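The values are calculated or read from the model by the stated rules, or taken from the named source; none is laboratory data. Computed from a predicted model, the values in this text were never measured in an experiment. Please note: Cβ atoms are built from the backbone with ideal geometry, for glycine as well, and neighbour counts cover all protein chains shown. Only protein heavy atoms, including side chains, enter the accessible area calculation; ligands, DNA and RNA are left aside. Shrake-Rupley method; radii C 1.70, N 1.55, O 1.52, S 1.80 Å.
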Amino acid sequence: MHEVALAEGMLRIVEDAARANAASRVHTVLVELGALAHVEPDALAFCFDAVTRGGVADGAKLEIVRTPGAAWCMPCSVRVPLERLGDECPRCGSYQLQVVEGDAMRVREIGIA
Ligand SMILES: [Zn+2]
């Protein structure tokens, strides 16, 4: 399950930020999750809960904001919105698409005390 690795990566970012700000507790973590990332939000939340236990972010609320995906359609030579991986081009129906946005996850905000 690669959500575990992602959650551990998030935890490192969160702990670094907490340390840099001399925070004793992290109460919220806001992450952006692209619509085309191979990540299950529920699984990510579950893993985040598990890896933060006992640390500075124990009990922190994880907020996941989904960001839209986009791809470059080769036949159309334009950028098109893409809701899911495996979807076809909404303009021409082609599957010759290259994902250009929405396949990543990043920590956007960390609420500390
Ligand atoms: Zn197209």
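Looking only at the range 35-42, decide whether some residue is within 20 Å of Ala113 (Cβ to Cβ) and surrounded by 14 or more Cβ atoms within 10 Å (Cβ to Cβ).
For the range 35-42, residues within 20 Å of Ala113 (Cβ to Cβ) and surrounded by 14 or more Cβ atoms within 10 Å (Cβ to Cβ): absent.
Checking Ala113 against (1) surrounded by 13 or more Cβ atoms within 10 Å (Cβ to Cβ); (2) among the small types (Gly, Ala, Ser); (3) away from the ligand (no atom under 16 Å from the Cβ), only one condition comes out false. Which one?
(1) is the only condition that Ala113 fails.
Checking the conditions here, which among Arg12, Arg19 is closer than 15 Å to Met105 by Cα, open to solvent by 80 Å² or more (accessible area, probe 1.4 Å) and not in a strand (DSSP E or B)?
Arg12
What are the pairs, 6+ residues apart or on separate chains, where a residue within the range 60-76 that is without any contact (Cβ under 8 Å) to a residue 24 or more places away in the chain has its Cβ under 8 Å from a residue that is part of a loop (DSSP other than H, G, I, E, B) and among the hydroxyl-bearing types (Ser, Thr, Tyr)?
Taking only residues 6 or more apart or on different chains, the pairs are Pro75/Ser94; Cys76/Ser94.
Among the strands (runs of 3 or more DSSP E) lying completely within the range 49-109, list those that include at least 3 residues that are touching a helix residue (DSSP H, G or I) at 6+ places or on another chain (Cβ under 9 Å) and of a type outside the set (Gly, Ala, Ser).
In the range 49-109, the matching strands (runs of 3 or more DSSP E) lie at 61-67.
Output the residues belonging to the range 63-79 that are near the ligand (Cβ under 8 Å from one of its atoms), in contact with a Leu (Cβ under 9 Å, 6 or more places away or on another chain) and open to solvent by 40 Å² or more (accessible area, probe 1.4 Å).
Met74, the sole residue that qualifies.
Scanning for something touching a residue at least 24 places away in the same chain (Cβ under 8 Å), farther than 28 Å from Glu83 by Cα and touching a Gly at 6+ places or on another chain (Cβ under 8 Å), does the range 28-42 turn up at least one residue?
No.
Can you tell me which residue is farthest from the chain's Cα centre (by Cα) among those in the range 51-62 that are open to solvent by less than 50 Å² (accessible area, probe 1.4 Å) and of a type in the set (Gly, Ala, Ser)?
Gly55
Counting only residues that are more than 14 Å from the chain's Cα centre (by Cα) and at negative phi, which one in the range 22-34 is least open to solvent (accessible area, probe 1.4 Å)?
Per the criteria, the residue is Val26.
Got at least one residue in the range 81-89 being open to solvent by 90 Å² or more (accessible area, probe 1.4 Å) and within 14 Å of the ligand (Cβ to nearest atom)?
Taking every residue of the range 81-89 in turn, at least one turns out to be open to solvent by 90 Å² or more (accessible area, probe 1.4 Å) and within 14 Å of the ligand (Cβ to nearest atom).
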